[in-house]
Each structure stands twice: as structure tokens, then as C-alpha cells.
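The values are calculated or read from the model by the stated rules, or taken from the named source; none is laboratory data. Everything numeric in this text was worked out from a predicted model, so none of it was measured. Cβ sites come from the backbone with ideal geometry, for glycine too, and all protein chains shown count toward neighbours.
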Amino acid sequence: AATQSELIWFNGEIMPWQNAKVHVMTHAMHYGTSVFEGIRIYDTHLGPAGFRLTDHVQRLFDSAKIYRMNVPYSFDQVMQACNDSVMSNNLPSAYIRPLIFLGDVGMGITPPIDAQCDMVVAAFAWGAYLGEDSMDAGVDVAVTSWQRLAPNTIPTGAKAGGNYLSSLQISTEAKRNGFDEGIALDTNGLVSEGAGANLFVVKNNKIYTPPATAAILKGITRDTIMMLAKDLGYEVIEEAMAREFLYVADEIFMTGTAAEIVPVRSVDRIEVGAGKRGPVTKQVQSSFFGLFNGETEDKWGWLEPLKKS
Ligand code: PMP
């Protein structure tokens, strides 16, 4: 596979990538009992730096807490594992995938109360998720027939393996129908998010995004963009939005760690604004990517330089 490296961190040890194996009876494989993160390491003016690494690790622990998973490592150990997964492979930039899962704990749906989780941290090179040219050309999206999870079924605020069956339905339906990506409505019929990215709408120079109650994962990129946009002088409004708001938007863009900031040029084959990346999207993109070469001042301490391991 393209997304692989030489070494990987597995249950406390750095080992050859191909040695990190689990049994076929792994609980997580049967029941989706895993929580994970996606984190980017950028090659910055300060050297390789994790982007909001601490915030991602906090969300990982929060996801584990929501599912009452026992994580056999401290916060600092997980931070160190993330660091080492990149540094041991000498990667100047990387995507890191920490995963905590229920392994060989038996086949009961409810794991034994003292069951310890397994943990892996993989780091590998990964370019633009929706393709390099999508960053300025934009993508064509569709609102899919699959809705996002209802809040009283599976919590979308936890980044858990099982949630991605929903993302898979949303994304593959869109792709089968010739679109680049899908957008889901929540079970109230309001705009939620993409398969693996949050959504922003620009209308009359104001920036809107669905609130946490719209069955979204509260993305760290979403939070970053809200802060950067406010810093640029924009009013940023978290507000429930109906599907048709997307059709009359001036600009739309999607955000996520893997996706970064991707302009949306059409929704359901209706052109968004001028049908190409708009000026606000472009400004927000340059502000975001400027963090990694120092052009945007990192007032928030988001860049966390890695340490030689
Ligand atoms: N929503 C979903 C469903 C996601 O999987 C992701 C990617 N983690 C996001 C939103 C964006 O979150 P973040 O900006 O923290 O990567």
C-alpha cells in the first residue's frame, strides 16, 4: 500500500511495519470498537512540527472516555509515541494515525471491565486527500441520501472506527454517482458535514458553519479556521443551515486534517458562486498554509516542533 513506512509504534515499541499484527478475532474488527486520530506533521520553518498535536491527543483520550476504554498509556506517553512514529522514520512531514482498539478480549460485545486496549501509532507520507489540484479548482459534491448518525444512536463527537461506516456510505454514494465527495444532512434534515470533513459557507462576506448539535465531529481544522477567519476580521457564525443555503452560497469549503481546506465548486450540480474557488476561501487557505512557513503568525502555539528521539 502507498500509505506505509518502515517502522511503526505498536503497544509501546517501535517495530518493523509488517510486524504490527493482530488476531482475526480482534474485538474492534467485529464490533468497530476503536477510537483514533488523524494528525498532520508539517515541514515548517521550525522543523517538523505537529499541528495542534496536543489537541488531537486530547480528543483521542476524550473519544476513549466516551466509550469507557482503558488506555494503558499516559497522555505524555501517547505524545511521545506520536513523536517517535515520525522521527524513527525520518519523515519531514507526515500523517499520523494513532488508533486505540479492543483486541483479544473475547467475543462478548461488552468487554471484560478490566480489558486493556491495544494501541498503534502509524506515521506515513500523505499528500492532499482529494488531490493536489482540488485545492484551487475545487470539488463537486452531492448531498447524499444517507443521513449522519442521530445523536442518540452513535455519538459523532467521538472519533470512533464504527462511525466510518456512515462516512463510507456518504462518500461512496457520491462517488458512484460521479461526484468527488458527499455531504450529509443530520436526522433533522439540516446540513451536517462531509464524510471526513467539516463544512463552511460564505454568504455576504460572513462565514457560517453547522453547530456541534448538527451531528458533526468538531474538527480541529474547523476550530482553526474559525479562529483564523475571526483574526482576519470575518464574522463567523455557528448556525443550523438548510440544504438550500448551500445552493445560494457565495462560497463553500470543507476542512479536515487529511483534506486541509478544499473549495467546493458545485453542490448537487448547482454552481456555488462563480463555480470556482472564491476570494474568502483563498484568503483562509493562505492564512492556514502560512502557519507552516511563518507568514501567518502562530499566535496560538499550534505548531508543536517534534523532538529527536
Ligand atoms: N468530520 C469527520 C467525520 C472527520 O472524520 C474529520 C476528520 N478527522 C473531520 C470532520 C475533520 O476533523 P479534523 O479537522 O479534526 O481533522
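Which of the residues spanning the stretch 187-238 are basic (Lys, Arg), more than 8 Å from the ligand (Cβ to nearest atom) and part of a helix (DSSP H, G or I)?
LYS230
Determine whether the stretch 165-175 contains at least one residue that is without any contact (Cβ under 8 Å) to a residue 60 or more places away in the chain, more than 15 Å from the ligand (Cβ to nearest atom), part of a loop (DSSP other than H, G, I, E, B) and more than 19 Å from the chain's Cα centre (by Cα).
Checked the stretch 165-175: no residue is without any contact (Cβ under 8 Å) to a residue 60 or more places away in the chain, more than 15 Å from the ligand (Cβ to nearest atom), part of a loop (DSSP other than H, G, I, E, B) and more than 19 Å from the chain's Cα centre (by Cα).
Considering each of MET135, MET119 in turn, give the residue that is out of contact with any Lys or Arg (no Cβ under 6 Å at 6 or more places or on another chain), assigned to a strand (DSSP E or B) and either within 20 Å of ALA259 (Cα to Cα) or more than 16 Å from the ligand (Cβ to nearest atom) (or both).
Step by step, each of MET135, MET119 is checked, and only MET119 is out of contact with any Lys or Arg (no Cβ under 6 Å at 6 or more places or on another chain), assigned to a strand (DSSP E or B) and either within 20 Å of ALA259 (Cα to Cα) or more than 16 Å from the ligand (Cβ to nearest atom) (or both).
Search the stretch 256-292 for residues being in contact with a helix residue (DSSP H, G or I) (Cβ under 8 Å, 6 or more places away or on another chain) and among the hydroxyl-bearing types (Ser, Thr, Tyr), and hand back the single one that is farthest from the ligand (Cβ to nearest atom).
Filtering first and then ranking leaves SER287.
Check the stretch 265-273 and report whether any residue there is within 19 Å of ASP231 (Cα to Cα) and either surrounded by fewer than 21 Cβ atoms within 10 Å (Cβ to Cβ) or in the same structural domain as LEU228 (by TED's automatic domain parsing) (or both). Break it down stepwise before answering.
Keep residues of the stretch 265-273 that are within 19 Å of ASP231 (Cα to Cα), which gives none.
No, because not a single residue in the stretch 265-273 is within 19 Å of ASP231 (Cα to Cα) and either surrounded by fewer than 21 Cβ atoms within 10 Å (Cβ to Cβ) or in the same structural domain as LEU228 (by TED's automatic domain parsing) (or both).
The rows are residues; the columns are (1) buried (at least 17 other Cβ atoms within 10 Å of the Cβ); (2) within 18 Å of GLY38 (Cβ to Cβ); (3) in contact (Cβ under 8 Å) with a residue 12 or more places away in the chain.
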{"site": "LYS65", "(1), (2), (3)": "no, no, no"}
{"site": "PRO72", "(1), (2), (3)": "no, no, yes"}
{"site": "VAL78", "(1), (2), (3)": "yes, yes, yes"}
{"site": "CYS82", "(1), (2), (3)": "yes, yes, yes"}
{"site": "MET87", "(1), (2), (3)": "yes, no, yes"}
{"site": "ALA94", "(1), (2), (3)": "yes, yes, yes"}
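Which residues, taken from the stretch 215-242, are under 18 Å from SER171 (Cβ atoms) and touching a residue at least 40 places away in the same chain (Cβ under 8 Å)?
If the condition is that a residue be under 18 Å from SER171 (Cβ atoms) and touching a residue at least 40 places away in the same chain (Cβ under 8 Å), then ALA215, ILE216, LEU217, THR221 are the ones that fit.
I'd like to know if the stretch 255-278 contains one or more residues that are free of Cβ contacts under 8 Å to residues at least 24 places away in the same chain, outside any strand (DSSP E or B) and among the hydrophobic types (A, V, I, L, M, F, W, C).
Looking through the stretch 255-278, at least one residue is free of Cβ contacts under 8 Å to residues at least 24 places away in the same chain, outside any strand (DSSP E or B) and among the hydrophobic types (A, V, I, L, M, F, W, C).
How many residues, within the stretch 2-60, are more than 11 Å from VAL121 (Cα to Cα), part of a helix (DSSP H, G or I) and not charged (D, E, K, R)?
Here the count works out to 13.
Taking the options LYS21, LYS65, name whichever one is basic (Lys, Arg) and farther than 17 Å from ASN163 by Cβ. Break it down stepwise before answering.
Numbers: LYS65 fails: farther than 17 Å from ASN163 by Cβ.
None of the others qualify; the one that does is LYS21.
Show the residue pairs meeting these rules: Cβ distance below 7 Å; 6+ apart or different chains; first residue within the stretch 192-205 and outside the structural domain of ALA249 (by TED's automatic domain parsing) and over 14 Å from ALA240 (Cα atoms); second residue of a type in the set (Val, Ile, Thr) and within 12 Å of the ligand (Cβ to nearest atom).
none
Within the stretch 223-273, which residues are at pLDDT 95 or above, closer than 21 Å to LEU53 by Cβ and of a type in the set (Gly, Ala, Ser)?
Correct list: GLY256 only.
Looking only at the stretch 239-254, which residues are in a helix (DSSP H, G or I) and closer than 19 Å to ARG277 by Cα? Spell out how you get there, then give the answer.
The first filter runs over the stretch 239-254 and keeps only residues in a helix (DSSP H, G or I), leaving 243-247.
Correct list: PHE245, LEU246, TYR247.
Kindly evaluate ILE261 against the criterion of being more than 25 Å from GLY47 (Cα to Cα), in the same structural domain as GLY194 (by TED's automatic domain parsing) and out of contact with any Asp or Glu (no Cβ under 8 Å at 6 or more places or on another chain).
no
Every residue in the stretch 105-134 that is buried (at least 19 other Cβ atoms within 10 Å of the Cβ), modelled with pLDDT under 95 and of a type in the set (A, V, I, L, M, F, W, C), please.
LEU130
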